[in-house]
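A short worksheet on the structure shown next.
Since every read-out is calculated from the coordinates, none of them should be taken as a lab result. It should be emphasised that the depicted structure is a prediction, and the values quoted were computed from it without experimental measurement. Here Cβ is always computed from backbone atoms with ideal geometry, including for glycine, and neighbour counts include all displayed protein chains.
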Amino acid sequence: MLVIAALAIAACGGSDDDSGSSGSSGAGGVSTGGKPVDGQKKGGHLTVLAASDVDNIDPGQAYYTFTYEVLAGTINTLYSVRPDDDGSNPVPDLADGQPKISDDGKTVTVKIKTGIRYSPPYNKVVTSKDVKYAIERAFTPAVPNGYINSYFAKIVGVQAFTDGKAKEISGIDTPDDNTIVFHLTGGDIVGALVMPVTSPVPEAYARKYDEAKGQSTYGRHQLATGPYMIKSYQPGKSIEVVRNPNWNADKDYKPAYLDSVTFAEGYEDPGVATRRITDGKSQASGDFTIPPDQLKSLAQGSKKDQLIVSPGAGNRYIGVNTTIKPWGNVNVRRALAAVLNRQAMLQVRGGALLGEVANHILYPTVVGFEEAGGLKGAGQDFYAAPQGDLAVAQKYMKLAGYPSGKGSSSTTVLIVGDNTGPAKLNAEIVERAVSQLGFKPVLREVSHSTMISKYCTVPKAKVALCPNLGWAKDFADAGTILDPLYNPKNIVPQGNVVTPQYRGSGIGADIEKAQALPAGKERVEAWAAIDKKVSDLVLNVPYIWDKYPVVASANVQMVNQLWNQGSIDYTWSSLK
Amino acid sequence: MTAYIVRRLAWIVVLLALVSALTFVVFYVVPSTDPAQLRAGRNPSPDLVESIRHTYGLDKSKPAQYADFLERAVLHGDLGYSYGHDEPVRQLIFDRLPATIYLTLGAVIVWLAVAIPVGLISAIRRHSIFDRLAMGIALLAISAPVYWLGLVCLYLFSKDIGQFPIFLGSGTYVPPTTDFGTFFGSMIMPWFVLAASFAAFYARLLRSNVLEVMSEDYIRTARAKGVRERIVIRRHVMRSAMTPLVTVLGLDIGVLLGGAILAETVFNIPGIGRLSYEAIQNGDLPVIQGTVLLGAFFIVFLNLVVDIVYAYLDPRIRYS
């Protein structure tokens, strides 16, 4: 679930409604979850309109919500998540039953289903060795993978493999064709077994593509094990998926009602695309965010049943660099959190339909959110007023050593934000908040990719505040948010997402301890405590918990992936 | 003439080399993004970023990178590899170019078919109601941005979201070889929208050229000799008045073939313009460089074509 803000960060969300209807009704009558219903019709073709292309069609490289949406029907990961689940209850997919975890938590054994076949032209049966190869190839330069080191590096023997000292990862055993065993140095790997990298890739077929000059070209020739296979992929134009003739419905829990799906790309104007979907037939939205004015009119009009808004689509925060004065002072950071008009930050993005005012980093639907304070947060006064409270801000400025309650105008604060859309407005609201604290803001507005790759993830760029950052979970574990964003060991010269670069208060040790815990209540509470700590220290300033809207034509029984930021799940959707 | 053409072709090569050097400096020496980091995605390990940098040759010195690019481009016609699409840039360009050519040629036909008669009649019937009306509309058309006009047309006339559903809308483009009827139907609105401001500009340009030429002595002479007005207009006025139009036309076609970004984006036509737009959004430097070079090639090449056409339109022009 690649993406740092601006792109529609969206994620999983749950609804309390399990009535089996097409979704529950949230505030304002907007449906908050498209669930499977009884008697869905089989057959037909769906067109999903999207603005952008997938990041990489190779399951070993894919790391973007829209790509996951496409691959959901073509691959079988060891475990996956049912569409109406927020990600916290993975079910066996390629795996045959729950994983067996040893008492010390360091050995995880997974049985895989027998008789699963690859799509043409390979047609052979999937074995556990294919899963091993899929993971190993993601550690090679030919298959750049953004998360493999975060979640799979704790497998024994990874270091030797990546250093070229071993031909395979010694900590992955395949005692027979239907068993794979992971030997770990510690921590938990089970949650990550839902990631696309655990879908099988047969070495005998893929090796020639993985050894192509430069990066692997396997993605363009990939095999499917799921109900669908990729018939054609035209980068930036379209992706067509059709039924996989080798798919065995008895071995898969996905119903796969539709006969085929086209992902039509290049719909850069979300207004036109939204209108086309809602007025047309057999269409649904892909990766674009519905414009706020259309969203409002859809939510209040006769087509509100065609709209689903999923909570838990990620968070948005101001990245605060604590190595730059005066942001090393916790009370100055608290003053910023207090004075920031988070309500306005939300309003310019579309208001309550598209999110909630945030008061800590973990967001709704993430395991640990409730333990960290839930919607109310931990009760700090500097998060108490969504519209901002200058008096509270001044109190903290005084505590920070500014007797007048205002900072010095000779202190310049470099802010780097986006130069278009609501993100630009967010940056300007932050600029105003810095002014209110008495400092002199210097706002540099650049394109989103420039903001990310040249400024906000490059420590030597010395940016004080980055108002357009955000994060979304990779799977249900809160560690997929808190570890990358706050663990000091992740501070790197480039591609650095530990924006605060903060090494104090034992944050690193806390995170390492939480990472070492096996799945369970203790682990959840450990992450919740870390969330409270980083939110109290205002290592970043959270301002929105995102929701994500999707629309479909009236004749589409829309089911969406709550675990995948609310995207349409075409393996469960159908035509009416 | 042949020597002139050969000389100009040689200059085209020099110009393209200069353009490639300039784009290399702009996008590689002082880049606005780090492609390796963008390609690596969220939370990459430093090793991953470095391996991608190595894969794309971005870890070499800048002169070495440029030398590599020139060698590949000149010797193998290889414009590099798209970071975003995982495909050779040359293949992407070849894949997208036909749509841009169809869009451009169709729009050119539309705007010339509108501009020439309107400009001519407006000039001949100067200050008439037709002239005032046509020039007023032309002013409006010039002022209407393609993106805005495209959206208005979609909301009014497209079959999927329009109030008066007549034409195929956004995203309906198919190659003519696949289904000519659908292709033609899907291109009608883009052709007219793209042609609108050009037609207006050309009509105004032609009108002023015709008025200027009609006041020339040789026109008065022709009329005094008793040549019929229709022949005066066709043989003498139009021939002279069209020459500046040809210059502008050559440049405009060159620019549009380099990518009609707005029209392609609003109508979701998978051409060079949309490819450039996506590349800029994603920091896909090889694609940006490839499309810039393509645009530059079309502009300088069509300039040459214009100069050659000049010689035929104006017998006074001789190249040596």
### Message
Checking understanding here: applying a Kyte-Doolittle mean of at least 1.6 and a length along the axis of at least 27 Å (C-alpha), which whole DSSP H helices in chain A pass?
### Response
none
## Note on the structure
Computed for segment B:41-86: size of charge dipole around the Cα centre, +1 on C-beta of each Lys and Arg, -1 on C-beta of each Asp and Glu, debye to nearest 20, value 140
#### Entry: Residues of type lysines that A:LYS208 reaches as a straight line, Cα spacing below 21 Å, ignoring anything fewer than 8 places off in the same chain
A:LYS124, A:LYS129, A:LYS132, A:LYS167, A:LYS231
### Query
Expressed as an acute angle from 0 to 90° and rounded to the nearest 10, what is the orientation of the C-alpha long axis of helix B:272-282 relative to the principal long axis of chain B?
40
### Task
Could you tell me how many degrees, from 0 to 90 and to the nearest 10, lie between the Cα long axis of helix B:62-76 and the main elongation axis, the longest principal axis, of the Cα atoms of chain B?
60
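Would you mind checking the pairs A:LYS325/A:LYS473; A:LYS406/A:LYS440; A:LYS376/A:LYS532; A:LYS296/A:LYS576; A:LYS35/A:LYS237 and listing those with alpha carbons more than 20 angstrom apart?
Pairs exceeding the cut-off: A:LYS325/A:LYS473; A:LYS296/A:LYS576; A:LYS35/A:LYS237.
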### CD proxy at 222 nm, helix term only [per DSSP H run n ≥ 4: -39500 (n - 2.57); per residue of chain A; nearest 500]
-6500 deg cm²/dmol
### Message
Give me the one-decimal nm value for the distance between modelled label points at A:THR411 and B:TYR218, 7 Å along each residue's Cα-to-Cβ direction.
### Response
7.7
### Query
At a Förster radius of 25 Å, what calculated FRET efficiency corresponds to the Cβ-Cβ distance of A:GLN98 and A:VAL125, to the nearest 0.05?
0.65
#### Entry: Segment B:THR177-B:ILE137, extension gain: residue separation times 0.36 nm, minus the distance between their alpha carbons
10.8 nm
### Query
For B:ASP68 and A:ALA461, what is the calculated FRET efficiency with R₀ set at 25 Å and r taken between the beta-carbons, to the nearest 0.05?
0.35
### Query
Which shape class, rounded, prolate or oblate, goes with the protein assembly as shown when its Cα gyration tensor gives a ≥ b ≥ c as root eigenvalues, a/c under 1.5 marks rounded, and past that a/b bigger than b/c marks prolate?
prolate
### Task
Could you calculate the contour length gain from B:GLN163 to B:LYS225, that is, 0.36 nm times the residue separation minus the distance between their Cα atoms, to one decimal place in nm?
16.7 nm
## Note on the structure
Checking segment B:141-247 for trypsin sites (Lys or Arg not before Pro) in a loop per DSSP with at most 11 other beta-carbon atoms within 10 Å yields B:LYS225, B:ARG228
### Query
Once phi is turned into ³J(HN,Hα) by the Karplus curve 6.51 cos²θ - 1.76 cosθ + 1.60 with θ = phi - 60°, what whole-Hz value does each residue of segment B:251-265 show in order, with x for glycine and proline?
5, 5, 4, x, 5, 5, 5, x, x, 8, 4, 5, 5, 5, 6
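Count the DSSP beta bridges whose two residues both fall in the protein assembly as shown, then state the antiparallel fraction as a percent rounded to the nearest 5.
Taking every DSSP beta bridge with both residues in the protein assembly as shown, the antiparallel ones total about 75 percent.
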### Task
Give me B:SER128, A:SER410, B:SER158 ranked fewest to most by other Cβ atoms within 10 Å of their Cβ, as a rough exposure proxy.
A:SER410, B:SER128, B:SER158
### Task
Report the longest stretch of chain A that contains none of the GluC sites (Glu not before Pro) sitting in a DSSP loop with at most 16 other Cβ atoms within 10 Å.
A:371-576
### Task
Just subtract the alpha-carbon distance of B:LEU75 and B:LEU97 from 0.36 nm times their residue separation and send over the number in nm, one decimal.
5.7 nm
### Sequence-distant residues sharing a close amide H with A:ASN248 (under 5 Å, placed H)
A:ARG117
### Query
Once a ≥ b ≥ c are taken as the square roots of the eigenvalues of the Cα gyration tensor of chain B, is the result rounded (a/c under 1.5), prolate (a/b larger than b/c) or oblate (a/b not larger than b/c)?
oblate
### Task
Might you report the magnitude of the Cβ-based charge dipole of the protein assembly as shown about its Cα centre, with Lys and Arg at +1 and Asp and Glu at -1, to the nearest 20 debye?
3080
### Query
Among A:HIS360, B:HIS54, what is the fewest-to-most ranking by other Cβ atoms within 10 Å?
B:HIS54, A:HIS360
### Query
Taking Cα atoms, how many degrees apart are the long axis of helix B:146-157 and the longest axis of chain B, rounded to 10 and kept between 0 and 90?
80
### Query
By the gyration tensor of its Cα atoms, with a ≥ b ≥ c the square roots of the eigenvalues, what is the shape of segment A:313-548: rounded for a/c under 1.5, prolate for a/b over b/c, or oblate?
rounded
### Distant-in-sequence amide H partners of A:LEU469 (H built 1.01 Å from N, under 5 Å)
A:TYR317, A:GLY319
### Task
State the answer as a single residue: which of A:ASN426, A:MET558, B:LEU18 lies farthest towards the positive end of the charge dipole of the protein assembly as shown, with beta carbon charges of +1 for Lys and Arg and -1 for Asp and Glu, about the Cα centre.
B:LEU18
### Task
Would you mind computing, in nm to one decimal, how far apart the modelled labels at B:ALA10 and A:GLN40 are, each placed 7 Å from Cα along Cα→Cβ?
6.9
